[in-house]
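Here is the structure we will look at.
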Amino acid sequence: MKAVVQDSYGSADVLRVGEIEKPEISDDDVMVRVHAAGLDPGVWHLMTGLPYLVRIMGYGLRAPKTRVPGNDLAGRIEAVGKNVTRFHTGDEVFGAANGSFAEYACAKEDLVALKPTNLTFEQAAAVPTSAFTALQGLRDHGRIEAGQSVLIIGASGGVGHYAVQLARAFGAEVTGVCSTTKVDMVRSIGADHVIDYKKEDFTAMGGKYDLILDTAGARPLTRLRRALTPRGTLVIVGAEGGNTWTGGIGRPLRGAMLSPFVKHNLRMYFAIGNREDLELLRELVEDGKVSPVIDRTYPLGEAADAIRYWEHGHGGGKVVITV
Ligand SMILES: NC(=O)c1ccc[n+]([C@@H]2O[C@H](COP(=O)([O-])OP(=O)(O)OC[C@H]3O[C@@H](n4cnc5c(N)ncnc54)[C@H](OP(=O)(O)O)[C@@H]3O)[C@@H](O)[C@H]2O)c1
């Protein structure tokens, strides 16, 4: 099969398209004929091996253990393992699977669901990782409630644009923070208020939020806490940058350690894909409450260009590879 392959860590130049064996399907897996694969920062981290913490976490010290990049997919079931009961050959699905930048990828049965009927494969592939992250950040770690005032930092991004829509679906009043060129996009997905961080600093504007979901910018904790209500919650999803060894992990770790000693609730987390959340996202999409925004699509053979485009500041929403 055709796949994007990388044999070493590095820039997008390490990626090449080659012919490799189809993955082997295990008893609990489904094999998917991939039609589209989503791109997210995780792909970049595993491609570069940066920060080095990624390598120590088991992804391969000198070279990536998984040669084919990609975490998200949408496509048709090609084959099912012996223990699989929920899917049949030909079903249209979306979900999370390692090695999705390829014609075929294997996924755990519990990490795929039937594709939302109102989405194309490209749109569906843009959902899993980013939307899981937004959902779990708001619901599980932010304990979002209807009527709350919620601020989404990085509202134009892969995670942020789902967070804006999900927070609205939970009944919150939503303020999105993004750069000038994305203000209209963030408003169009339902934000009640939009702050252009190129022109205004929300931490100095006096606004107070019950919940802040922070996906970008790495603002210091002291400044973020200034924008919280007295018992408000700050959930740090992540931010790019930081040092080569640990990336941006220091700030959320400091927040989590400080949290027991202050009235604010300061949280960090790693999103975990699961069947229930994927089913919930499918329902929300089919009900029209959540809709992926696709910035650009690139064919498989141009996956390296897709990553270069993403790393130089993309146009908002998601970048998707078509296969
Ligand atoms: N904890 C987890 O489990 C988890 C899971 C997935 C992702 N993450 C992390 O979460 C972060 C966001 O991921 P993503 O997929 O949403 O990335 P993304 O698609 O690149 O989105 C980030 C967005 O932030 C905006 N931004 C950049 N600087 C900003 C600033 N100073 N203030 C406000 N917005 C700013 C960017 O657009 P504009 O500035 O042009 O508006 C961009 O749209 C990444 O660091 C990723 O590694 C964590």
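Results, tabulated for the structure shown:
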{"quantity": "Every residue from region 296-323 that is within 11 Å of the ligand (Cβ to nearest atom), within 22 Å of Leu119 (Cα to Cα) and hydrophobic (A, V, I, L, M, F, W, C)", "calculated": "Val319"}
{"quantity": "Selected residue [modelled with pLDDT of 95 or more and at positive phi] from Gly81, Gly90", "calculated": "Gly90"}
{"quantity": "Residue that is nearest to Ala12 (Cα to Cα), among those in region 48-62 that are loosely packed, with under 15 Cβ neighbours inside 10 Å and aliphatic (A, V, I, L, M)", "calculated": "Leu61"}
{"quantity": "Count of residues meeting criterion [assigned to a loop (DSSP other than H, G, I, E, B), within 10 Å of the ligand (Cβ to nearest atom) and not aromatic (Phe, Trp, Tyr)] in region 161-200", "calculated": "2"}
{"quantity": "Sole exception among (1) surrounded by fewer than 17 Cβ atoms within 10 Å (Cβ to Cβ); (2) over 17 Å from Ser100 (Cβ atoms) for Thr66, by number", "calculated": "(2)"}
{"quantity": "Residue within region 273-286 that is in a loop (DSSP other than H, G, I, E, B) and aliphatic (A, V, I, L, M) present", "calculated": "no"}
{"quantity": "Matching option when the condition is within 16 Å of the ligand (Cβ to nearest atom), surrounded by fewer than 22 Cβ atoms within 10 Å (Cβ to Cβ) and not in a loop (DSSP other than H, G, I, E, B), among Gln123, Gln136", "calculated": "Gln136"}
{"quantity": "Filter result for the condition that a residue is surrounded by 18 or more Cβ atoms within 10 Å (Cβ to Cβ), of a type in the set (A, V, I, L, M) and within 27 Å of Val5 (Cα to Cα), over Val290, Val319, Val237", "calculated": "Val319"}
{"quantity": "Among (1) in contact with a strand residue (DSSP E or B) (Cβ under 9 Å, 6 or more places away or on another chain); (2) free of Cβ contacts under 8 Å to residues at least 40 places away in the same chain; (3) not aromatic (Phe, Trp, Tyr) - the single one Arg267 does not satisfy", "calculated": "(2)"}
{"quantity": "Qualifying residues in region 201-221 (those that are in a strand (DSSP E or B) and away from the ligand (no atom under 12 Å from the Cβ)) - the one surrounded by the most Cβ atoms within 10 Å (Cβ to Cβ)", "calculated": "Leu211"}
{"quantity": "First in region 182-211 and farther than 23 Å from Pro230 by Cβ and in the same structural domain as Val150 (by TED's automatic domain parsing), second anywhere and charged (D, E, K, R) and surrounded by 11 or more Cβ atoms within 10 Å (Cβ to Cβ), Cβ under 6 Å, 6 or more apart", "calculated": "Val183/Asp196; Gly190/Arg168; Val194/Arg187"}
{"quantity": "Within region 245-265, tally of residues that are more than 14 Å from the ligand (Cβ to nearest atom) and at pLDDT 95 or above", "calculated": "10"}
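The values are calculated or read from the model by the stated rules, or taken from the named source; none is laboratory data. Remember, it's a predicted structure, so these values are computed and weren't measured experimentally. Neighbour counts are summed over all protein chains in view; Cβ atoms, including those assigned to glycine, are modelled from backbone coordinates with ideal geometry.
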